[in-house]
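Working notes, structure below.
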Amino acid sequence: MSDTHVVRGADRVLIQERGPGVPEGIHGAECMSCEAVSPLFDDDSLPVAVWALQHSQDQPDHTLFLARTERHWRVVPRPDDPPPPSSPGPGFAGPAFVGLMCLLTALSGLLPALTA
Ligand SMILES: [Zn+2]
């Protein structure tokens with residue numbers, strides 16, 4: 001198998017990591033007036049909002065926060081491209097042709113049963 005047609009760097013794709021144990025997002029915030037940083041919470045920004053409100057109650061001058069949502073990304077090899085349709089050779093077109101004939105045969109046998 002030859003990959004000479006693949007542009008360098010184009011054989012990989014970036015996806016958002018999903019699955020068991022992987023949070024949809026990691027939420028956090030920091031105060032713009034001091035060094036206070038909230039804990040990080042998976043999949044839920046509400047505790048971060050509560051933290052910001054509580055911090056603002058403790059420090060009434062601190063009213064601006066930088067809220068973040070972090071996600072996991074993963075780079076994976078790009079799935080193999082399907083063979084080009086112009087690919088010559090009877091070995092490529094043969095199975096598709098046989099499959100089509102089988103489908104037509106099945107349909108022709110089914111039609112009389114439907115109209116009966
Ligand atoms: Zn603060």
Exercise for the section: Evaluate region 39-53: report whether one residue or more is closer than 30 Å to Arg12 by Cβ and either over 20 Å from the mean Cα position of the chain (by Cα) or small (Gly, Ala, Ser) (or both). Expected result: yes
Handout entry: Within region 54-72, tally of residues that are open to solvent by 80 Å² or more (accessible area, probe 1.4 Å) and within 12 Å of the ligand (Cβ to nearest atom)
Key = 8
Problem - Members of region 19-39 found to be surrounded by 16 or more Cβ atoms within 10 Å (Cβ to Cβ), within 16 Å of the ligand (Cβ to nearest atom) and not in a strand (DSSP E or B), listed by number - result: Ala36, Ser38
Exercise for the section: For Val48, state whether it is open to solvent by less than 60 Å² (accessible area, probe 1.4 Å) and assigned to a loop (DSSP other than H, G, I, E, B). Expected result: no
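The values are calculated or read from the model by the stated rules, or taken from the named source; none is laboratory data. Since the model is a prediction, treat every value here as computed from it, not as a measurement. With ideal geometry, Cβ positions are generated from the backbone for all residues, glycine too; neighbour counts draw on all protein chains shown. Quick note on the areas: whole protein, heavy atoms, side chains included, nothing else; ligands and nucleic acids left out. Shrake-Rupley method; radii C 1.70, N 1.55, O 1.52, S 1.80 Å.
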